[in-house]
1. What tally of residues in the range 316-330 results from selecting those that are open to solvent by less than 30 Å² (accessible area, probe 1.4 Å), over 20 Å from the mean Cα position of the chain (by Cα) and closer than 15 Å to P46 by Cβ?
2. For W142, all conditions in the list (1) closer than 24 Å to V33 by Cβ; (2) part of a helix (DSSP H, G or I) hold save one; what is the number of the exception?
3. Does the range 199-206 contain any residue that is assigned to a loop (DSSP other than H, G, I, E, B) and either among the β-branched types (V, I, T) or over 19 Å from the mean Cα position of the chain (by Cα) (or both)?
4. Which one is farthest from N238 (Cα to Cα) among residues in the range 279-301 that are assigned to a helix (DSSP H, G or I) and open to solvent by less than 20 Å² (accessible area, probe 1.4 Å)?
5. In this structure, does G136 turn out to be surrounded by fewer than 19 Cβ atoms within 10 Å (Cβ to Cβ), assigned to a helix (DSSP H, G or I) and under 22 Å from the mean Cα position of the chain (by Cα)?
6. Is it fair to say L143 is among the hydrophobic types (A, V, I, L, M, F, W, C), within 30 Å of A236 (Cα to Cα) and at pLDDT below 95?
7. I want to confirm something. Restricting to the range 70-99 and keeping residues that are in contact with a Phe, Trp or Tyr (Cβ under 8 Å, 6 or more places away or on another chain) and under 30 Å from A254 (Cα atoms), which single residue is surrounded by the most Cβ atoms within 10 Å (Cβ to Cβ)?
8. Across the range 242-274, what is the number of residues that are of a type in the set (D, E, K, R) and either open to solvent by less than 20 Å² (accessible area, probe 1.4 Å) or within 27 Å of the chain's Cα centre (by Cα) (or both)?
Amino acid sequence: MSFKLKVPRTLGNAIDSHDNGFNLVRLACALLVVVYHAFQLNLVAPRPDPLSALAAPNADLGSIAVGIFFIISGMFITQSWMRDPHLLRFALRRVARIVPGLLACLLVTVIIAVAFFSDQGWRGLLGAEPWRFIFGNTVLHWLQYNIPPQELAIPGVLGGQYLNGPLWTLYWEGRMYVMVALIGLSAAMPMRTWVRGAAIFLLLAANLFPTVLSGYIWEVRMWSLFLTGMLLQTLAPNLRIGLRHVACAAVLIALNWTRSEALTPSPLTWFGIALAMGAVALWLGTARVEKFAHLRRHDYSYGVYIYHWPVLLMVRAALPPMDALPLLAASLLVIMPLAMLSWHFVERPAMAAVRRRLKR
């Protein structure tokens, strides 16, 4: 009796079929970010979550989850350009995906925070600060490199804390959209070959000369993961990721572990972490998802991500002090309905409206 491993379908087939697990992977990553921040923000015992403690000092649960987001984003944004390499249509699609949901989130969370968790109450909405915060963040501060700290908080609201800390990743996501468009517009050979060469060149440049291309180390890592997603998209028609490949990655990580444990304070390296998370994300993303058809069709991950920080802060302020897990559970009761409403009534209709417009 022979045993044969089932040959996985290609990444390109998985993406084109829409019968894939990438929405589930993104939702899982968004929820992991909520877990990471619940451990950080609780008032009883702020501490790293268990996975962050294991991965320290090279990574944490939040950076792992966001890193997977960037790999997947690099794949799908590159696919969007390669399918329709037109600057205006590309820009409209990107704006439709990011801006309407973000504007709705900022309006809802800032109005509630100012009304119920500020020194002035409802009167605070008559000032300029809440609206500057809302509209400045909606346009991603025009993708500027350094955002003034006063633009990320509102005086007297929730103790002057940053009202939506995770939005920094959206500023960099927007910069990467610009990069994809510039690479596409400058194509001097067939698009797939050109994008592949550009992704490899920029990957090498970002890691060999990080002070030239970007600033602090996390920028280099996020850029590198997005570029990896771009490269994967150019290979998608022939690329297959299955359980065998995940197992090979695990063996490499084990070898990496034994060396690093002997030479460094941590047995895990960023390379090993990135290799593992990328292999698992692609394996699960290319899988056929039959039992979760609703979650396959509907992408709640963006709503979870943009709403979770202000909800955590307001739940923490409204209820007696709680440890991480009770704070997480109470917050998810608010975050998940908001994310679903955001998708069904804001994000999805906005994208559908742009698609109809572009068809005409």
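The values are calculated or read from the model by the stated rules, or taken from the named source; none is laboratory data. If you're wondering where the values come from, they're calculated on a predicted model, not measured in any experiment. Cβ placement follows ideal geometry from the backbone for every residue including glycine, while neighbour counts extend to all protein chains displayed. Accessible surface is based on the protein model in full, side chains and every heavy atom, while ligands, DNA and RNA are left aside. Shrake-Rupley method; radii C 1.70, N 1.55, O 1.52, S 1.80 Å.
1. The number of residues fulfilling the criteria is 2.
2. Single failed check for W142: (1).
3. no
4. Among those that are assigned to a helix (DSSP H, G or I) and open to solvent by less than 20 Å² (accessible area, probe 1.4 Å), it is S301.
5. Yes: the conditions hold for G136.
6. It is true that L143 is among the hydrophobic types (A, V, I, L, M, F, W, C), within 30 Å of A236 (Cα to Cα) and at pLDDT below 95.
7. G74
8. Looking only at that region, the number is 1.
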